[in-house]
Amino acid sequence: MADVLAAPQQAKADSALRTLTAISAAHWLSHFHLFVLPMLFPFLKQQLGVGYIELGFALTVFGVVSGLTQAPIGYLADHYGARKVLLTGLCLGGLALILLGLQLSYTSLIVCAALLGLANSVYHPCDYAILAAHMDEARMGRAFSVHTFAGFLGGAVAPAIMAALVATVGGFGALIAAGAVGPAVALLIAAMGLPDARAAARKHGEDAPKPNILTPAIVVLTIFFMLLGLSNAGISNFGVVALMSGYSVAFGTANLALTCFLGASAVGVLAGGFLADRTERHGQVAAACFAVNAAIMLVIAIVTLPSPLLIALMTVAGFLGGVIAPSRDMLVRNAAPAGAAGRAFGIVSTGFNFSGILAPLLYGFIMDQQMPHWVFGASVVFMLMTVLLALVTDRKARGPAEPAAVH
């Protein structure tokens with residue numbers, strides 16, 4: 001009898017693990033593809049005869065398209081099925097890079113960037129919709145953390161993979177090979193039998209009235225995501241040059257500090273998953289971590305620190321920044337109306353896209369004005385704003401969940 005009862009539980013656990021593995025593979029690819037074009041900028045500059053401004057414009061096109069299409073893609077994921085949309089995005093991004101490798105021109109680069117932006121917009125709505133529908137409630141935070149960690153890993157290995165491809169098959173071959181990974185991962189996920197999220201939505205009734213997705217909680221969370229992106233972008237993208245020009249930190253030390261920051265973030269994501277599964281106060285977790293980070297960045301902004309202490313503080317800040325990621329995702333899941341996880345994550349993820357457009361302009365302006373200390377100072381301001389919004393978001397996100405539990 002015990003074996004009979006245990007069999008369905010084991011099958012459910014195996015299915016959840018298979019789902020998490022498939023979704024994590026897709027997220028790994030999404031972050032890998034984010035770095036393909038930037039890693040090939042020297043090759044593209046030489047082949048196309050353009051400057052870095054023209055190449056940077058391609059990334060701007062990517063960001064704008066991805067930002068504008070996140071919310072509509074979330075609707076498609078909820079309405080037609082997240083699995084179909086995700087597989088389409090995997091193939092689209094891969095084919096865009098393959099076509100660029102076969103027919104390289106500046107026009108095709110811009111088209112490729114736009115298609116990559118469209119492909120990139122499928123991952124957050126579809127991934128989170130499927131995870132929210134099929135992961136065990138008691139392990140949801142850890143599932144979100146593994147998913148996020150896989151994305152970090154994809155970005156971390158991208159430079160080495162692209163460098164190896166360029167060295168072995170050249171720039172054109174590197175584009176084609178990097179693109180071919182997209183359809184390959186799509187085939188792998190299809191073979192693994194990835195479940196859809198729409199089946200879970202049917203439990204709530206196909207004919208039920210569609211919930212209003214633009215709730216106050218979702219709007220606040222979108223702003224929350226934008227502030228998160230703005231607070232991290234200065235450190236990640238301009239931290240090295242700010243430390244070198246404003247604090248006379250050596251290039252190697254500044255790079256080591258940033259490497260420790262990013263590496264600790266990945267470890268913090270996994271630790272945050274366990275924490276997210278053991279508390280319902282996700283907003284307070286985020287607020288506490290960012291309050292400590294704001295204090296750390298304030299010290300870095302106003303004090304010239306010895307290199308070991310600087311590296312240690314950057315490592316702690318990176319770890320705490322990673323810890324909040326699963327709690328951040330749980331806030332969105334809790335705020336999303338039933339059957340609307342795709343739309344909810346699609347909308348709030350546009351906050352990251354907005355920050356990706358605004359942050360380079362803001363921090364670039366700060367550096368052009370010869371105010372490197374304000375790279376960290378501006379991050380402190382955004383972190384403090386994030387702390388306040390996290391506390392507000394926690395109350396708003398938990399509010400709608402209480403009535404749902406009654407039914």
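Shape verdict for the chain, please, from the Cα gyration tensor: rounded (a/c under 1.5), prolate (a/b greater than b/c) or oblate.
Note, shape of the chain comes out oblate.
With a 10 Å radius around each residue's Cβ, average the other Cβ atoms per peptide and rank 260-268, 45-53, 308-316, highest first.
Packing proxy ranking, top to bottom: 260-268, 308-316, 45-53.
What residue among ASP277, ASP14, ASP136 shows peak mean-square fluctuation when the chain is described by a Gaussian network model with Cα springs under 10 Å?
ASP14
Relative contact order of the chain, please, whole-number percent, based on alpha carbon pairs below 8 angstrom and at least 6 residues apart.
Worked out over the chain, it gives 26 percent.
Using a 1.4 angstrom probe on heavy atoms only, work out the carbon and sulfur share of the accessible area of the stretch 81-129 in %.
C and S fraction of accessible area: 73 percent.
Shape of the stretch 330-388 from its Cα gyration tensor (a ≥ b ≥ c, root eigenvalues): rounded if a/c is under 1.5, otherwise prolate when a/b > b/c, or oblate?
Because a/c hits 1.5 or more and a/b fails to exceed b/c, the stretch 330-388 counts as oblate.
So, by mean Cβ neighbours within 10 angstrom, what's the order for 321-327, 375-381 with the highest one leading?
Descending packing order for the listed peptides: 321-327, 375-381.
Helix-only estimate, please: 222 nm mean residue ellipticity of the chain, summing -39500 (n - 2.57) across DSSP H runs of length 4 or more and dividing by its residues, to the nearest 500.
It lands at -30000 deg cm²/dmol.
Span-like helices, the chain: DSSP H, alpha-carbon axial extent 24 Å or more, mean Kyte-Doolittle 1.0 or greater, which ones?
The answer, listed by residue number, is 82-102, 140-191, 216-247, 251-276, 282-302, 307-335, 341-368.
Find how many whole Å separate the alpha carbon centroid of the stretch 155-195 from the alpha carbon centroid of the stretch 120-139.
Spelled out, the Cα-based centre of one part sits 23 Å from the other.
Please label the shape of the stretch 132-178 as rounded, prolate or oblate, based on the square roots a ≥ b ≥ c of the eigenvalues of the alpha-carbon gyration tensor (a/c under 1.5 means rounded; beyond that, a/b larger than b/c means prolate, else oblate).
Taking the square roots of the gyration eigenvalues as a ≥ b ≥ c, the stretch 132-178 is prolate.
For the chain, what is the accessible area per residue in Å² when the probe is 1.4 Å?
For the chain, the per-residue accessible area is 44 Å².
If you stretched the chain out fully between ALA164 and LEU187, how much longer would it get, using 0.36 nm times the residue separation minus the C-alpha to C-alpha distance?
Gain on stretching ALA164 to LEU187: 5.9 nm.
The values are calculated or read from the model by the stated rules, or taken from the named source; none is laboratory data. Owing to the predicted nature of the structure, the values given are computational and were not obtained by experimental measurement. All Cβ positions, even for glycine, are placed from backbone atoms using ideal geometry, and neighbour counts span all protein chains on display. Heavy atoms of the whole protein, side chains included, go into the accessibility calculation; ligands, DNA and RNA do not. Shrake-Rupley method; radii C 1.70, N 1.55, O 1.52, S 1.80 Å.
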